[in-house]
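Take a look at this one; I'll ask things after.
Throughout, read-outs are computed from the coordinates displayed, never taken from laboratory work. A quick note: this is a predicted structure, and the numbers were derived from the prediction, not measured. No Cβ is skipped: glycine too gets one built from the backbone with ideal geometry, and neighbour counts run over all protein chains shown.
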Amino acid sequence: MIEVILRNYLLEVLDEEVYFSYPENAPSDFVLIDKIGSGESDHLPSSTFAFQSYSDSKYGAIVLNDKVKLAVKNSVQLTEVSGVQLNSDYNFPDLARKKQRYQAVYDINHY
């Protein structure tokens, strides 16, 4: 499962915690991974992921977003990942929880 592979990789290279769902006792800075789509071309799978960088400040969310983007870009080093392309990234505040958040969306080809 590419979700688990990416989460484990991010846990190794980032100082922040990485989750699949919003944690009950959320730390000030953390990352959520959400697979928002998938497809296949010539029998090779691809998935679209949203990486949400949470922080108490907008500046913190921006900095964490940049760290996440660099880490995801470098995930192409994993044997399970054959290609990584940034789709978009943007300010995406979590109004319900009153937390600052940035989101980076990636298309990732994998095995």
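In segment 28-60, which residues are part of a loop (DSSP other than H, G, I, E, B) and either among the small types (Gly, Ala, Ser) or within 13 Å of Asn87 (Cβ to Cβ) (or both)?
From segment 28-60, those part of a loop (DSSP other than H, G, I, E, B) are 28-29, 42-43, 56-57; that's our starting set.
Matches in segment 28-60: Ser28, Ser57.
I've got another one for you. Contact list please: Cβ distance under 8 Å, first residue in segment 18-36 and closer than 25 Å to Ser46 by Cα, second residue basic (Lys, Arg) and in a loop (DSSP other than H, G, I, E, B), pairs at least six apart or on different chains.
Listed by first residue and then by second, the contacts come to Tyr22/Arg97.
Yes or no, residue by residue, for (1) more than 12 Å from the chain's Cα centre (by Cα); (2) among the small types (Gly, Ala, Ser); (3) farther than 20 Å from Leu11 by Cα:
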| site | (1), (2), (3) |
| --- | --- |
| Phe51 | no, no, no |
| Tyr59 | yes, no, yes |
| Asn65 | no, no, no |
| Ala71 | no, yes, no |
| Phe92 | yes, no, yes |
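So which residues in segment 38-63 are touching a Phe, Trp or Tyr at 6+ places or on another chain (Cβ under 7 Å) and more than 18 Å from Ile2 (Cα to Cα)?
Selection gives Ser53, Tyr54, Ala61, Ile62.
May I ask you to say which residue of Ser88, Ser55 is surrounded by fewer than 16 Cβ atoms within 10 Å (Cβ to Cβ), closer than 19 Å to Gln103 by Cβ, within 15 Å of the chain's Cα centre (by Cα) and among the polar types (S, T, N, Q)? First the steps, then the outcome.
On the way: Ser55 fails: surrounded by fewer than 16 Cβ atoms within 10 Å (Cβ to Cβ).
It is Ser88.
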